[in-house]
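Read the structure below first, then the notes.
The values are calculated or read from the model by the stated rules, or taken from the named source; none is laboratory data. Here the structure is a predicted model, which is why all the values come from computation and not from measurement. Quick reminder, even Gly has a Cβ in these numbers, built from the backbone with ideal geometry, and neighbours come from all protein chains shown.
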Amino acid sequence: MSQAVLTEIHGKVGLIRINRPEAMNALNDAVVDGIAAAVDAFEADENIGCIVLTGNDKAFAAGADIGVMKDFDYMQAYRTDFITRNWERIKTARKPVIAAVAGFALGGGCEMAMMCDMIYAADSAKFGQPEIKLGTLPGAGGTQRLPRAVGKAKAMDLCLTGRFMDAAEAEQSGLVARVIPADRLLDETLKAAQTIAGYSLPVAMMIKESINRAYESSLNEGLLFERRVFHASFGLEDQKEGMAAFVEKRKPAFRNR
Ligand code: CAA
């Protein structure tokens, strides 16, 4: 049997590929456990500064595996803590994570992409939360993250009609950071990830943590958090190096401390 998740290392970037092409990369335990294990490994690897999660040309992931879910009863879903147990590992990653989405990102696939720090989309990408067509609702954060990304009106429209949104609309509405021609998606995403991984890792982590704070707190609390982390950055060797390099007109050599 082929592995449900493949990993590769490109320089300082850890790449995770969802690999169930026969099922449009539907997310079953093998896939989600594989993603969680890969995130664990890349988080622990000192040489990795950024993580990329991707699928294939046809699908990032077409949702949670419907064949597996269809016979769940309430107690099974509750007792196994379906979704929370392993899906949320992406959310707790401290290193930056980019979703590179080509083809379908539907249901849990769209939600998994939204758990990443940002989404780069191929022009072939299609996003949607079609759970309503199956008699259920988004259960991996779609009703919460989608309105934060695209606003209430479009989130309601997508979740209540089950329609798909193309890459252009996704970019226009703020769900994706960039749209890239499909044949360049992975190269461009890896290039951006290498750029991020070339900076000071603790600084990238501080930026990620501070931006995520914007979703959890009032403006003044968020500003206070940012200010304190900004102050803390003056305790880093990398801040001394970055600013000295600018003044000395040379490239900085960050050492992640
Ligand atoms: N679960 C299990 N299998 C899936 C799947 C899923 N979510 N999505 C696709 N597949 C399987 C199909 O059953 C099919 O398998 P067989 O060849 O064995 O029949 C194979 O992938 C190819 O799919 P299609 O033949 O349907 O391909 P298509 O090009 O005609 O359509 C598609 C592609 C529009 C993505 C369509 O497959 C589809 O609508 N998939 C379901 C999307 C969906 O409803 N996702 C939400 C799931 S619920 C959820 O995710 C809950 C949550 O919030 C966590």
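Some observations on this one:
- From the list Ala204, Ala193, Ala155, Ala168, the one residue that fits, being in a helix (DSSP H, G or I), modelled with pLDDT of 95 or more, surrounded by fewer than 16 Cβ atoms within 10 Å (Cβ to Cβ) and of a type outside the set (D, E, K, R), is Ala168.
The rows are residues; the columns are (1) outside any strand (DSSP E or B); (2) under 14 Å from Gly34 (Cα atoms); (3) without any contact (Cβ under 8 Å) to a residue 24 or more places away in the chain; (4) away from the ligand (no atom under 16 Å from the Cβ).
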{"site": "Glu46", "(1), (2), (3), (4)": "yes, no, no, yes"}
{"site": "Asp57", "(1), (2), (3), (4)": "yes, no, no, no"}
{"site": "Phe72", "(1), (2), (3), (4)": "yes, no, yes, no"}
{"site": "Lys91", "(1), (2), (3), (4)": "yes, no, no, no"}
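- Enumeration of residues in segment 102-125 that are out of contact with any helix residue (DSSP H, G or I) (no Cβ under 8 Å at 6 or more places or on another chain) and part of a strand (DSSP E or B): Phe104, Met118
- Residues that are under 16 Å from the mean Cα position of the chain (by Cα) and either crowded, with 19+ Cβ neighbours inside 10 Å or among the charged types (D, E, K, R) (or both) within segment 129-149 comprise Ala140, Gly141, Gly142, Arg145, Leu146, Arg148, listed in sequence order.
- Selection over segment 26-44 of residues that are under 16 Å from the mean Cα position of the chain (by Cα) and of a type outside the set (D, E, K, R) gives a count of 10.
- Consider segment 1-20 and keep the residues that are among the polar types (S, T, N, Q) and not in a strand (DSSP E or B). The one that is surrounded by the fewest Cβ atoms within 10 Å (Cβ to Cβ) is Ser2.
- Failed item in (1) part of a helix (DSSP H, G or I); (2) touching a helix residue (DSSP H, G or I) at 6+ places or on another chain (Cβ under 8 Å), with Ser217 passing the rest: (1)
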